[in-house]
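Read the figures in this text as sums done on the coordinates, not as results from a lab. Just so you know, these numbers come straight off a predicted model, no measurement behind them. Every residue, glycine as well, gets a Cβ built from its backbone with ideal geometry; the counts of neighbours run over all protein chains shown.
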Amino acid sequence: MKKKKKCEYHTVTSCMFRKMKIGLFLSLFAFSQIQAENLYAQSGTISISVNNEPVEQVIEKIEKNSDYVFLYNDKSIDLSRRVSVKVNDGTIDAVLDEMFKGTGVKYTISNRQIILSRETVAHAGKMTGSASQPAVQDGKISVSGTIVDEKGVPVIGANIAQKGTTNGTISDFDGNFTIKVPKGSELLVSYVGYVPQTVKATGAVLKIILKEDAKVLGEVVVTAMGIQRKEETLTYATQTVGGNELTRAKEANLINSLQGKSAGLVITPNSGGAGGASKILLRGNASIMGNNSPLIVIDGVPMRNDVSGQMDMDTGGAAMIAGGSEEGSDALSQLNPDDIESITVLKGANSAALYGSAASNGVLMITTKKGREGALRIDVSSSSTFETPLVLPKLQNVYGSIIEGNVANGFSINGSSWGGKLSDMTADQLNPQNSVQRLMNRAYDVADFFQVGTNFNNTVALSGGTKNVQSYFSYGNTTANGIVPTNKYHRHNISFRENFSFFKDRLKINISGSYINQKNKNRPTGGIELSPLYNLYTAARNVDMNYYRKNYADYGATWMSNPYDIIVKVQDPNNPDKMISAIESGVTTELKDPQNGKQVWFMQDATKRNNPWWLLHRVTSEIVTNRVFGSVGADYKIIDGLNLQARVKYDYGEEQRENRQYATTMLPDAMNDRGRLIWKRTTGHDFYGDFMLSFNRDIKDFNLAINAGGSMMNSTSNYWKLTPSASAGGVYQVDNSCNQFILDNIFIKGGGSESDVTRGGLATDNWERAIFATAQLTYQDKATIEGSYREDWYRAFTQFKDMKPHFPYYSVGANAVLTNIFEMPRQFDELKVRASYSEVGNSIPNSLFLNSAKRNPATGAYIMSSTTEFKNPKPETTGSFEAGFDLSLFGRSFNIEATYYHAVMRNQFMYYNGGGGKTVYVNGGKVRNQGIELSASYILAPNNNFSWKTGINFSFNKNKILSTAKKADGNDLKYEVDMGNSSGLKVKFITGGSYGDLYGVDFMKDEEGKIIVNPKNGQPFKEEGQANKYLGNMNAKYNLGWHNTFNYKDFQFYFLIDGKIGGKVISFTEAYLDYYGVSERSAESRLNAERNNLLFTNKSGETSLGMLLPDGQMVAVEGYYTKTGGANPLGTNYVYNGTNFRLREISAGYTFRNLFGATKHLTVSVNARNLFFIYKDAPIDPETSLTTQNALGNVDIFSMPTTRSFGVSIKATF
């Protein structure tokens, strides 16, 4: 279907923008309105003289020389029929009458849109010169309504006509209409490409659902480089998700709203709360050391989407277990979901080869909203969401810590819960005057630690314009308070977009810009050190936590500093009358801070053990992000069918982090005696530009489309890190200061003793250049063949003088629309088969392989490379084949899209320690992903009042490491990632295995296969340091989403169930809970021993509660859990099946139509996310992840609990 659009000009008053202090937007918006007024005026008559020319060429001439735009189904109109027309200063009616006389083609003219159809019905708007019945004048009523398609999308420009009269109108860009007709009249509703409907005019507000005409194909899909193509010409799999799917139940990170809504797209939210980046995968992991995330493209222009503070692949496992994750946001998580029109998923390298190496993992094509023709429109959206923990660990409420001492000396406890029962505690032990710590015989409910989290989202958007100029402006803000009391998140988004058309649509210019300000305070990090949840969950169960919640600081207390050196005056041993300076070591000073106090905790001054409420208020962090990006694009029509396009984009981002650790915070090795400040700043500049020449021409039965051009990208990043001591004292002087977080003049003075300042940083530059071309040849909408070619130049390769710095990539594909080729049963609307193959690369990381020194911006010094020469490197290259079919049945009410893919990434980047402190990088190895993607949907719409749409998204992926790189000695390189500081759990990349294979330690066994038990303490022995037992793979093979939408009149109900089958998750949290004896499991084992008189007797004849191993041996309960849990756990005990299904999303809403006037509606809805699990085997949420790093997902280490959210949203149009 050919479709163009045009509306009458409506003046947009500028007074409502005066208070908005966005100068650039005001200038552009005002300019656009002035230009619109000047460009719109046209004459009401037309002159044309053609002799024996095709109808299609005549239509093009009319459009070129007037303001009229034609809409028609090119399958119902004979465009090749030749006509002769001669009209001088006549009306458009006269021209059309002469063109279509005797053909059965009817036309409708409204707002300078000309809609052609073969339907023999009366037409809305301005009619032809034929006779018609007079309109009824008496007893008229006003009938209004909305016209949508089967997906609920408004139908713009639909005809609504009173049968048998010239009385008619068309729907606006929201699908709304109003018409006055006699009561009881019949209204004929029609639109090109849809089956017409007849409805009765009763005065009630109508909702009309048009069904697509099964004979019409031609949905337009946005593909790579922003090229728009008909859906039937695609040779690869794509899937589009509408913007309403992102805002139905809003998330602070919009990408999380795509969970379960696209086959093959796997999204794992970050457990750090609002503002955190999510891990995104399409068709599995492939690159061991490189990037596995899809490219993000906004309005055809690529956007760098690096994750702030992303963990290192090598040391990330140990760092994550110890200190959690400091990962922040990425560019995608900062976008306002209300600004998004749609997201198209280009799955795999086949669909995205034009973007080269950046798109080797697929592409998420984001199309933002833009202004539309018509009067000023104001959209207001507001939502409020409330969150509570969905899953919390199961802690025991029976046993407490061992109580030692007496009334005279005071009772005291240790940090575990391997003591007696809470119910056996005495009144003396509970008396605060008799105890060193505050004790309680009722266990604290950890759910009380959390508050109800809130998330408020508000957006105001203004849009409007004319045929030649359309404007869009929006402001949005997000305010979130996490379930942890001190966690707060704020984000402000300002966006504008201007579209200009000059010289009768020959030149089109679009300008867009965005500003984002984001602040995240006290974002939870997980891990052990400085983690509130670690100290909360593992605290002895007989501690009075409410007391320590209220009294986490003693404001009158003092403490002694750590030893330091000072300069003192001493007598010269060689001259008693002379005093000389000397260094006195080991000096300590009494310190105090009446404003912030000293930490109070039942494990006072124990390393790593901190009061969780002290950590909330005295270990603080703040991340402030500012980002500005904008683009300018121009598209010039050189001649019919030949266009030149050029675009440029600039993106600047800045992030500043400040962490404060107040004095008396306990670190892994000692007390932080004076406080500590960690300051980081990162900046990044990206400049992107491309140009493309596009040719599109129908040549008899063929359509040929060719695009060719080039692109360039420059990026610069700078990183600084400074860690001064929070002390104001001078070098070698007596210093009694603390908690003085001074950053003034830090680059010169260091905020204190120069030796106390740790400085670090890195400045990197990168660039890429490319040329590309693509061509598609389509025969009669029956078959298409296509190919693309791209040549990439990388800066990283310019350092290697003996090899070329550029590499070619290509793709080929073909399809056949079998329903257009063969006669098929009438139930078949479309059956298309498709296949494609591509070769796409992944450049070596620029920052890792530069032989030249890198500059440290914090110190000005240069960092020399510690790598050996990387000989003859090659890009990681993916060869990807896919084949599938698209099937539509029963009037397009039932649709199936199925795809099989097979992708092999070769030339993997890997490295190993070559000795002498040198890192050796090598190319080699292959990783294969193959699988199936299936999307199916069914629409039931028996009448205009009711519709039901249901659909599933299913994917299966099987990964295999076909080979790894070779070391210098010829042996296979075995790459391993440690999970923690020990070797108890590892992710191994081994030939024959799969990406994400997990290995752990096992029990030590004798020749008969029995577990060896230590007779002294009843602990089973483990194979320490030998993580050789295969525990499974971390990645799920199957992912499934099932969505349902019900519409009844103006009521809508929606729900989504999604889940995954397979995959393993690790919980260090559960291992630590067992180690400290606070888990429900550990209590059940003790209670079972008491009920069944199970006792372990050690070598000395001492007895303790016992439990039976699987082989029947008796071990001590405490000995078993303290040996198999903790920091070096027995993997088989704490690696769980990740299979789970949940009610992901549910919403119910009602639209009050015409509430504020004609076509001005209000929609109110209630929604919820993550309501409950339908099935879950693990004791944690299997989606838990602290990092987006490739191999470090699926790990729980005192992560923030997943939240269940409830909310209400309001959307209004004015």
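Per-structure values
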| item | result |
| --- | --- |
| Label-point separation in nm, Val1164 to Asp698, each point 7 Å along Cα→Cβ | 5.1 nm |
| Extension gain (nm, one decimal) between Met1114 and Ile821, 0.36 nm per residue minus Cα-Cα | 98.0 nm |
| Asp424 versus Lys1010: modelled label distance in nm, points set 7 Å from Cα along the beta carbon direction | 3.1 nm |
| Distance from the stretch 255-301 to the stretch 685-704 (C-alpha centre basis), Å | 29 Å |
| Ascending count of other beta-carbon atoms within 10 Å, so fewest first, for Lys394, Lys369 | Lys394, Lys369 |
| Cα convex hull volume per residue for the chain (Å³) | 231 Å³ |
| Magnitude of the charge dipole, the stretch 889-1006, Cβ model with Lys/Arg +1 and Asp/Glu -1, debye to 20 | 320 debye |
| Cross-link table Lys151/Lys279; Lys86/Lys637; Lys151/Lys261; Lys649/Lys782; Lys64/Lys649, entries beyond 26 Å C-alpha to C-alpha | Lys151/Lys279; Lys86/Lys637; Lys649/Lys782; Lys64/Lys649 |
| Cα lying deepest toward the dipole's positive end in the chain, options Val587, Asn943, Val484, charges on Cβ | Asn943 |
| Mean Cβ count within 10 Å, highest first, over the residues of peptides 1150-1157, 287-294 | 287-294, 1150-1157 |
| Charge dipole magnitude, Cβ of K and R +1, D and E -1 - the stretch 1032-1086, Cα centre, debye nearest 20 | 200 debye |
| 17 Å Cα-Cα reach of Lys598 towards lysines, excluding residues that sit fewer than 8 places from it in its own chain | Lys550, Lys608 |
| Approximate spin-label separation Asn477-Asp669, in nm, with each point projected 7 Å along Cα-to-Cβ | 4.6 nm |
| Unit charges at the beta carbon, dipole of the stretch 1134-1214: most positive-side option, Phe1198, Val1208, Thr1151 | Thr1151 |
| Förster radius 56 Å - calculated FRET efficiency between Ala646 and Glu98 (Cβ-Cβ, nearest 0.05) | 0.85 |
| Debye, to nearest 20: dipole size of the chain, +1 on Lys, Arg Cβ, -1 on Asp, Glu Cβ | 2320 debye |
| Of every Cα-Cα pair in the stretch 1127-1176, the percent that sits beyond 13 Å | 73 percent |
| Potential lengthening between Phe503 and Asn626 on full extension [0.36 nm per residue; Cα-Cα distance subtracted] | 40.4 nm |
| Filtered chymotrypsin sites (Phe, Trp or Tyr not before Pro), the stretch 533-615: DSSP coil and at most 13 other beta carbons within 10 Å | Tyr555 |
| Cα convex hull of the stretch 1101-1194, projected area averaged across orientations, nm² | 11.9 nm² |
| Burial ordering of Ser501, Ser843, fewest other beta-carbon atoms within 10 Å first | Ser501, Ser843 |
| Unit charges at the beta carbon, dipole of the chain: most positive-side option, Val153, Val1078, Asn52 | Asn52 |
| Stretch gain in nm, segment Asn517-Lys394, where the contour uses 0.36 nm per residue and the Cα spacing is subtracted | 40.4 nm |
| Globularity index of the stretch 372-527, i.e. its alpha-carbon radius of gyration over 2.2 N^0.38 Å | 1.97 |
| Ranked list, fewest to most other Cβ atoms within 10 Å of each Cβ, for Glu186, Glu1007 | Glu1007, Glu186 |
| Alpha carbon centroid spacing (whole Å) that separates the stretch 878-925 from the stretch 369-405 | 35 Å |
| Contact order relative to length of the chain, as percent, for alpha carbon pairs under 8 angstrom and 6 or more apart | 10 percent |
| Entries in Lys369/Lys1160; Lys163/Lys467; Lys183/Lys1160; Lys394/Lys1022; Lys394/Lys421 that, when Cα-Cα distance is taken, lie over 28 Å | Lys163/Lys467 |
